[in-house]
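Novice: Below you will find the structure I want to go over with you.
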Amino acid sequence: MRVLSSAGSTSSLSRDATSPRRLPLVAAGLTFAAAFAVYYLTAYRTIAWWNNAEEALAAHDLGVMSAPGGLISTILGWLVVHLVPATADILTLNLFAGVLAGFVTAGVLLLANRLQGLTAGERWSGGSLFLWLGAVGAALSLGFGEALWFYAVQYTTYVVTPVFTVFILFAMLKWWESARSTGGIRWLFVTMLLFGLDVSVHRTNALLMPGLAVWIALGNPRALLQWKTWRISALGLFLGLSFHGVIMFMAAREPFMNIGDPSTIGRFWDYFFLKMRGGGFLVNLYPRNADFWNVQVADWLAAFGQTFVSTDGPLSVVGVVPLAAGILGLAVMTRRSPRLGIAAGILFMMTVAAAIVYFNIPENYFRSLHRHYLPSLVIFGVFVVFGAVTVLQRLLKLGGLIGRIGSVIALLLLLAVPINHGLNYYADIDGSTRSFARDYAANMLAGLEPDAVLLTTGDNDTFPLWYLQAVEGVRTDVTVLNIPLLNTGWFVRQWQRRDPGLRLDFTDEELTQIPVVPWHDTVVMVQVVGQAGSAALDSAQATDEIGISIQPTAADAYLLPQDYVVLRLVEKLRWERPLYTVASLGPDQLPWLQPFRRPEGLVTRVLPVQNPPIDVGVLERNLTDVYIVRGFDHPSVPLEPPSAWYAQLLYNSFGTLIAARIEEGDTGLAQDLCGRMYELLPVECTQPPEGLLAVLNTLCQRAGASVATQ
């Protein structure tokens with residue numbers, strides 16, 4: 001059915017000189033251009049928190065990420081970094097994320113057009129400007145929704161996932177087209193191949209597979225009874241899964257980052273089945289980690305709402321337009337082609353249910369899981385475009401004044417949706433002025449003595465540092481060791497190879513599996529050979545040997561591998577090289593080392609004396625001269641949790657320094673420090689916890705300085 005077949009009275013308002021066959025591609029191109037323009041403006045110019053630094057590091061030299069990894073995103077990133085001329089690898093990668101997200105946004109428009117062909121016998125091909133502008137606005141409701149936009153400005157494997165969703169949906173629609181005539185074997189093979197390859201993305205699209213079974217059953221029930229169907233499906237899936245074996249060759253190259261070192265069959269098997277994270281593909285369906293409806297379903301609804309039901313902001317009235325269009329689109333689809341509509345609806349609902357059930361999110365989870373809901377959001381995005389264009393199509397066919405006014409109102413509402421999204425989420429997502437992750441990493445490294453060893457604890461205090469060292473060449477003299485990874489022999493082997501001066505006397509058997517050591521309360525004597533930065537210590541405290549009291553750290557009878565390795569490391573260093581930990585090291589990690597830590601800002605230095613006094617000079621130099629603290633004084637830049645944690649570490653350090661100056665009787669310097677602290681970290685922007693702010697204000701009052709209020 002041609003849109004304008006009976007619309008001769010619609011005049012030039014609904015006509016376009018462009019060839020009808022090209023209109024879908026033109027609309028898709030316009031959708032891509034609009035989405036990418038915004039993604040370009042809001043892209044991070046440097047590394048961001050969590051996976052961005054890890055992905056960028058992997059892309060730099062084809063490194064191996066943490067399981068389940070991101071093999072395809074790593075290879076794509078490596079190609080982009082090495083083929084696109086640019087001065088900053090990370091900016092190139094982050095803009096590439098925008099390209100991929102723009103493709104997804106345009107893809108839902110083209111998928112909706114293909115659905116039109118399946119349900120109405122002919123795709124949208126009329127020359128209506130309103131029709132295609134409406135399709136663009138509807139597609140951008142997904143493009144500027146919180147979930148996709150967030151990953152469109154920072155390159156991670158999560159932005160590759162919805163790209164594969166688009167490919168998989170396209171293959172499924174192609175199968176549906178040919179299932180009744182030729183059996184669709186070729187497209188079933190392609191579909192299963194894509195599912196297999198998706199294991200090398202991030203496996204999230206595997207949540208579509210239960211819905212795929214229903215899709216096949218409704219599209220051609222006899223296919224499920226044919227041996228050829230199962231044989232071709234298995235072959236496609238096997239070939240796709242086989243691609244993951246490339247990671248063994250990447251690991252064998254010994255790149256800078258080689259998590260799990262899956263260079264052997266055994267370690268590759270452990271990597272593939274996520275042994276480091278618990279194994280068994282992390283299937284943990286019951287018991288539920290939180291209330292199913294009030295927490296887990298609510299979490300998905302939050303992601304869905306921030307994409308298709310955004311009722312905040314000055315244009316909140318348009319927030320329900322995508323939801324209404326999506327429901328209408330599915331209803332029209334079902335009326336026109338009941339089997340296809342029912343199959344599409346079940347595919348969406350089963351994908352939603354699979355995500356909620358599989359991920360089993362705990363209450364107050366420390367990080368958003370919206371990235372894992374993207375496949376279901378892409379599916380509903382197709383429904384939204386389909387419904388939106390259907391409405392415009394009907395209004396245009398009415399003709400006359402009612403048709404014209406109605407089509408104008410409908411178009412304005414559809415175009416208002418992405419505008420409303422922009423007003424709601426631009427400030428929250430905009431990464432163009434944020435450098436917190438890089439500053440945090442660079443500041444930590446800058447405050448260390450030469451040839452230092454730094455013990456870190458998590459993603460955000462490890463991957464950004466490794467990125468700066470391996471890609472930007474910052475402080476390559478420092479050895480950064482992640483404490484949880486010290487529980488693995490492959491990681492110990494890697495850093496010993498990279499830093500031969502820290503080679504420990506581990507046997508090959510120990511490097512295969514670092515042991516859990518039987519242990520009881522023991523005082524270990526460690527020689528002190530170097531000065532260990534003890535110039536600020538009282539000379540009477542200097543000693544040639546210290547005793548470290550170590551209690552069991554596991555089941556009251558064992559020493560965890562990480563404690564065992566760090567103890568061996570301390571015995572090896574003997575303070576000939578400086579040893580540091582991140583300031584965020586919790587009291588439950590390496591508890592026996594806690595009494596020897598001296599705060600020096602974002603790090604603490606391990607010294608050969610218990611409860612070492614603060615070196616005010618070192619702490620003040622780091623906070624006022626060495627560290628670059630920026631970006632916290634912009635009220636328009638909301639702080640995501642890691643940035644807020646970073647601010648709290650700085651507050652704690654300033655508080656320690658102010659207290660030390662007050663203790664010395666130097667209230668003048670303490671006053672200056674209070675002023676500098678609140679200038680760099682204004683509380684109205686950083687919103688520190690009330691208890692922390694009360695302590696800081698008390699210190700500043702003692703110094704005679706002004707206090708701050710939120």
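The values are calculated or read from the model by the stated rules, or taken from the named source; none is laboratory data. Everything quoted here is computed from the prediction, not taken from an experiment. Glycine gets a Cβ as well: all are built from the backbone with ideal geometry, and neighbour counts include every protein chain shown. We work out accessible area using only protein heavy atoms, side chains counted, and drop any ligands, DNA or RNA first. Shrake-Rupley method; radii C 1.70, N 1.55, O 1.52, S 1.80 Å.
Novice: Looking at the stretch 512-527, can you tell me whether even one residue there is assigned to a helix (DSSP H, G or I), open to solvent by 20 Å² or more (accessible area, probe 1.4 Å), modelled with pLDDT under 95 and more than 29 Å from LEU93 (Cα to Cα)?
Specialist: Start the filter on the stretch 512-527 by keeping residues that are assigned to a helix (DSSP H, G or I), which leaves 512.
Restricting the remaining residues to those that are open to solvent by 20 Å² or more (accessible area, probe 1.4 Å) gives 512.
Okay, now just the ones that are also modelled with pLDDT under 95, so 512.
Narrowing the set further to residues that are more than 29 Å from LEU93 (Cα to Cα) leaves 512.
Looking for residues that are assigned to a helix (DSSP H, G or I), open to solvent by 20 Å² or more (accessible area, probe 1.4 Å), modelled with pLDDT under 95 and more than 29 Å from LEU93 (Cα to Cα), one finds at least one in the stretch 512-527, hence yes.
Novice: Could you check how many residues of the stretch 432-454 are touching a helix residue (DSSP H, G or I) at 6+ places or on another chain (Cβ under 7 Å), surrounded by fewer than 20 Cβ atoms within 10 Å (Cβ to Cβ) and part of a loop (DSSP other than H, G, I, E, B)?
Specialist: Summing the residues that are touching a helix residue (DSSP H, G or I) at 6+ places or on another chain (Cβ under 7 Å), surrounded by fewer than 20 Cβ atoms within 10 Å (Cβ to Cβ) and part of a loop (DSSP other than H, G, I, E, B) in the stretch 432-454 gives 1.
Novice: Working only within the stretch 184-221, note down all residues that are in contact (Cβ under 8 Å) with a residue 24 or more places away in the chain, under 18 Å from LEU118 (Cβ atoms) and open to solvent by 20 Å² or more (accessible area, probe 1.4 Å).
Specialist: VAL190, VAL214, LEU218
Novice: Evaluate the following for LEU239: is it over 30 Å from ALA147 (Cα atoms) and over 29 Å from the mean Cα position of the chain (by Cα)?
Specialist: Numbers: over 30 Å from ALA147 (Cα atoms): yes; over 29 Å from the mean Cα position of the chain (by Cα): no.
So LEU239 fails the test.
Novice: Okay, moving on. When the stretch 657-699 is examined, which residues are found to be hydroxyl-bearing (Ser, Thr, Tyr) and over 33 Å from the mean Cα position of the chain (by Cα)?
Specialist: Residues of the stretch 657-699 that are hydroxyl-bearing (Ser, Thr, Tyr), as a first pass: 667, 678, 686, 698.
If the condition is that a residue be hydroxyl-bearing (Ser, Thr, Tyr) and over 33 Å from the mean Cα position of the chain (by Cα), then THR667, THR698 are the ones that fit.
Novice: Hey, ALA252 hits all of (1) touching a strand residue (DSSP E or B) at 6+ places or on another chain (Cβ under 8 Å); (2) open to solvent by 40 Å² or more (accessible area, probe 1.4 Å) but one; which does it fall short on?
Specialist: Condition not satisfied by ALA252: (1).
Novice: Return the pair list, or none, for Cβ contacts closer than 7 Å from residues in the stretch 691-704 that are within 14 Å of ALA670 (Cα to Cα) to residues that are modelled with pLDDT under 95 and part of a helix (DSSP H, G or I), at least 6 apart or on different chains.
Specialist: Close Cβ pairs (under 7 Å, with a partner that is modelled with pLDDT under 95 and part of a helix (DSSP H, G or I)) amount to ALA703/THR667; GLY704/THR667.
Novice: Tell me, which helices (runs of 4 or more DSSP H) wholly within the stretch 612-710 include 3 or more residues that are surrounded by fewer than 16 Cβ atoms within 10 Å (Cβ to Cβ)? Outline the logic, then answer.
Specialist: Details: elements: 616-621, 641-664, 667-680, 683-686, 690-702.
Counting at least 3 such residues, we get 641-664, 667-680, 690-702.
Novice: Residue under question is LEU91, and the condition is that it be surrounded by fewer than 18 Cβ atoms within 10 Å (Cβ to Cβ), in a helix (DSSP H, G or I) and touching a residue at least 24 places away in the same chain (Cβ under 8 Å); does it hold?
Specialist: Details: surrounded by fewer than 18 Cβ atoms within 10 Å (Cβ to Cβ): yes; in a helix (DSSP H, G or I): yes; touching a residue at least 24 places away in the same chain (Cβ under 8 Å): yes.
Considered against the rule, which asks whether it is surrounded by fewer than 18 Cβ atoms within 10 Å (Cβ to Cβ), in a helix (DSSP H, G or I) and touching a residue at least 24 places away in the same chain (Cβ under 8 Å), LEU91 comes out as yes.
Novice: Continuing with the same structure: For ALA171, state whether it is in contact (Cβ under 8 Å) with a residue 40 or more places away in the chain and closer than 22 Å to GLY387 by Cα. Please lay out each step first, then the result.
Specialist: Details: in contact (Cβ under 8 Å) with a residue 40 or more places away in the chain: no; closer than 22 Å to GLY387 by Cα: yes.
In short, no.
Conditions tested, residue by residue: (1) in contact with a Gly (Cβ under 6 Å, 6 or more places away or on another chain); (2) of a type in the set (Asp, Glu); (3) open to solvent by less than 40 Å² (accessible area, probe 1.4 Å); (4) outside any helix (DSSP H, G or I).
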{"position": "ASN294", "(1), (2), (3), (4)": "no, no, no, no"}
{"position": "LEU301", "(1), (2), (3), (4)": "no, no, no, no"}
{"position": "PHE304", "(1), (2), (3), (4)": "no, no, yes, no"}
{"position": "THR311", "(1), (2), (3), (4)": "yes, no, no, yes"}
{"position": "PRO314", "(1), (2), (3), (4)": "no, no, no, yes"}
{"position": "VAL317", "(1), (2), (3), (4)": "no, no, no, no"}
{"position": "ALA325", "(1), (2), (3), (4)": "yes, no, yes, no"}
{"position": "ALA331", "(1), (2), (3), (4)": "no, no, no, no"}
{"position": "ARG339", "(1), (2), (3), (4)": "no, no, no, no"}
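Novice: Condition first: in a helix (DSSP H, G or I) and either touching a His at 6+ places or on another chain (Cβ under 9 Å) or open to solvent by 10 Å² or more (accessible area, probe 1.4 Å) (or both). Now tell me which residues in the stretch 364-379 satisfy that. Give the steps one after another, and end with the answer.
Specialist: Filtering the stretch 364-379 down to residues in a helix (DSSP H, G or I) leaves 370-379.
Of everything in the stretch 364-379, those that are in a helix (DSSP H, G or I) and either touching a His at 6+ places or on another chain (Cβ under 9 Å) or open to solvent by 10 Å² or more (accessible area, probe 1.4 Å) (or both) turn out to be HIS370, ARG371, HIS372, LEU377.
Novice: Additional query: Could you look through the stretch 21-40, keep only residues that are farther than 30 Å from LEU91 by Cα and open to solvent by less than 50 Å² (accessible area, probe 1.4 Å), and pick out the one that is modelled with the lowest pLDDT? Quick ask: steps written out before the conclusion?
Specialist: Just the residues of the stretch 21-40 that are farther than 30 Å from LEU91 by Cα, to begin with: 21-24.
Those still in the list that are open to solvent by less than 50 Å² (accessible area, probe 1.4 Å) too: 23-24.
Numbers: LEU23: 84, PRO24: 87.
Filtering the stretch 21-40 for residues that are farther than 30 Å from LEU91 by Cα and open to solvent by less than 50 Å² (accessible area, probe 1.4 Å), the one modelled with the lowest pLDDT comes out as LEU23.
Novice: If you go through the stretch 407-432, how many residues are among the β-branched types (Val, Ile, Thr) and within 14 Å of ALA152 (Cα to Cα)?
Specialist: Here is the first cut: in the stretch 407-432, the ones among the β-branched types (Val, Ile, Thr) are 408-409, 417, 419, 429.
Then drop every residue that is not within 14 Å of ALA152 (Cα to Cα), which leaves 429.
Count: 1.
Novice: Please list, ordered by first then second residue, the pairs with beta carbon atoms under 7 Å, 6 or more apart or interchain, first in the stretch 652-666 and in contact (Cβ under 8 Å) with a residue 12 or more places away in the chain and farther than 14 Å from ARG598 by Cβ, second surrounded by 19 or more Cβ atoms within 10 Å (Cβ to Cβ) and of a type in the set (Gly, Ala, Ser).
Specialist: Partner pairs satisfying both residue conditions: ILE658/ALA670; ILE658/ALA703; ARG661/ALA670; ILE662/ALA670; ILE662/ALA703.
This table checks each residue for (1) closer than 20 Å to PHE596 by Cα; (2) assigned to a helix (DSSP H, G or I); (3) modelled with pLDDT of 95 or more.
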{"residue": "LEU485", "(1), (2), (3)": "no, yes, yes"}
{"residue": "GLY501", "(1), (2), (3)": "no, yes, no"}
{"residue": "PHE506", "(1), (2), (3)": "no, no, no"}
{"residue": "GLU510", "(1), (2), (3)": "no, yes, no"}
{"residue": "VAL529", "(1), (2), (3)": "yes, no, no"}
{"residue": "ALA532", "(1), (2), (3)": "yes, no, no"}
{"residue": "ALA540", "(1), (2), (3)": "yes, yes, no"}
{"residue": "PRO552", "(1), (2), (3)": "yes, no, yes"}
{"residue": "VAL566", "(1), (2), (3)": "yes, yes, yes"}
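Novice: Among the candidates THR488, THR507, THR457, single out the residue that is open to solvent by 10 Å² or more (accessible area, probe 1.4 Å), of a type outside the set (Lys, Arg) and touching a strand residue (DSSP E or B) at 6+ places or on another chain (Cβ under 8 Å). Before you say what the answer is, go through the steps one by one.
Specialist: Numbers: THR488 fails: touching a strand residue (DSSP E or B) at 6+ places or on another chain (Cβ under 8 Å); THR507 fails: touching a strand residue (DSSP E or B) at 6+ places or on another chain (Cβ under 8 Å).
When all the criteria are applied, what remains is THR457.
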